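No value in this document is a laboratory result; all are computed from the given coordinates. The structure presented is a predicted model; accordingly, all values stated were derived computationally and were not measured. FYI the Cβ positions are ideal-geometry reconstructions off the backbone, even for glycines, and counts take in every protein chain you see.
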Amino acid sequence: MRPIDVERVSVGESVDRYVEMVRAKTVTGALAPGTAEVYARDAVTFAALAGADRVLDDLSGEDVDAVLLRFARKPDGRRSGAVGVAPGGAVQSAASQARFRRSVSALFQYAVVAGWVQLNPMDAVTVRPRHRGGLRAERRALTVEQAEGLLGAARGLADPGAGVGVGRRSDQRTELRDGLIVLLLAAVGPRVSELTRANVEDFFVNGGTRYWRVFGKGGRTRDVPLPGPVVEVLDVYLAEGRGLLDRGREPKALLLSWRGRRLARGDVQGVIDRVLARVEPGRRRSVTPHGLRHTTATHLLAAATDMDAVRRVLGHADLATLGRYRDELPGELEAAMRVHPLLGPVSGRGGMSDPAEFGGLGEAVVPDAVGGEGEGGGGERDDEGASEVVAGAPAPGGEGGGDDDAHEGGAAFE
């Protein structure tokens, strides 16, 4: 494009037009609503950090570098006040930084096509993601003791004799809802968007077993059987808790805020933290929704559950993806070597114990026939809505702010 054809629009105006275009793509199905919102949110954040009154074409690679670094230092409001997080100590995670960078790249790729910039400044950006191994503490799987403590606290919220919520208005009581959220996250391991999109009608009985029909990424669906303790809390919530929160605004939504609206993805972390506060300190550890997804995968696989069944429970298209959700458990290597297939029983000093089983959820969670998984959709990442493309750029990922979304291993800026 010739320089004279460039339209000198401000950063704020270009972002407004871009956001309108991104949201319009949801009408045609080119973008999932969740993905469009991630692009839109990151574009608005970019405008605030870069300066909405500046001309977009005047931004250089150095200017974009500065924006990326400002975002990296920006406090993560979702984690402020969370259990185990010091005041002011929660900044943007490596995964959130990588997601934001992809969103900015998508914005500028569209700006080139729209004629708002002569050259894409992302080509001159020097702040680039560097992939690192390991997970943040909040995203590692909980140990058996930690998971049992959290599950016990969640189930206790449904106990009528627990005395929770005393002093609060009856139509603002969210304890049953909070307990159900944590049980579903820890037992079934859904993505946050799958949880908040759930409707009451998605839960049904077949052959005496209660199922949750989960609507996942890429248009895929899966029917996941629910453990007995989860069903018990679900039934109590549907019979008593949901009706208190229902204001007639969201007749289908399973999870409602105390104002009667569908619960937002960004609110789920606060729910987990409230339940965590009820766990005894010795078994309490900060965890994100995605960390509970790791917990589900890790303990199901540690209990020798069929890998393909675990894959279908989590909603992955590729079995190889499970490797990213399988965290190491204390003592599992010793237990594996205790009876060697070539040497027979192996004795060692101090004795090797069997790995602890994932407790607190009753009978086996996954029968062989976990059915209902549909066809379709997109490359398998665990980024929320990461299978779509805008203006030729890879989708940013980003479960409600990127915590559970650009996949771990993450990208820290050099």
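Straight-distance candidates among the lysines for linking to LYS217, with alpha-carbon spacing under 18 Å and chain neighbours fewer than 8 residues away dropped: LYS25.
With a ≥ b ≥ c taken as the square roots of the eigenvalues of the C-alpha gyration tensor of the range 166-295, please select rounded if a/c is under 1.5 and otherwise prolate if a/b is larger than b/c or oblate if it is not?
rounded
For the range 31-81, rounded, prolate or oblate, judged on the Cα gyration tensor with a ≥ b ≥ c (square roots of eigenvalues), a/c < 1.5 rounded, else prolate if a/b > b/c? Oblate, since a/c reaches 1.5 and b/c is not below a/b.
Apply the a/c threshold of 1.5 to the C-alpha gyration tensor of the range 238-321 and tell me whether it is rounded, prolate or oblate. It is oblate, given that a/c is not under 1.5 and a/b is not larger than b/c.
Taking the mean number of other Cβ atoms within 10 Å as a proxy for protection, how do you rank 183-193, 292-302, 266-276, 249-259 from highest to lowest?
Answer by packing, highest mean first, reads 183-193, 292-302, 266-276, 249-259.
Counting neighbouring Cβ atoms within 10 Å and putting the fewest first, the residues GLU232, GLU201 line up as GLU201, GLU232. Packing around the peptides 206-216, 279-289, 307-317, taken as the average count of other Cβ atoms within 10 Å per residue, puts them in this order, highest first: 307-317, 279-289, 206-216.
Centre-to-centre, using Cα atoms only, the range 3-47 and the range 254-315 are separated by 32 Å.
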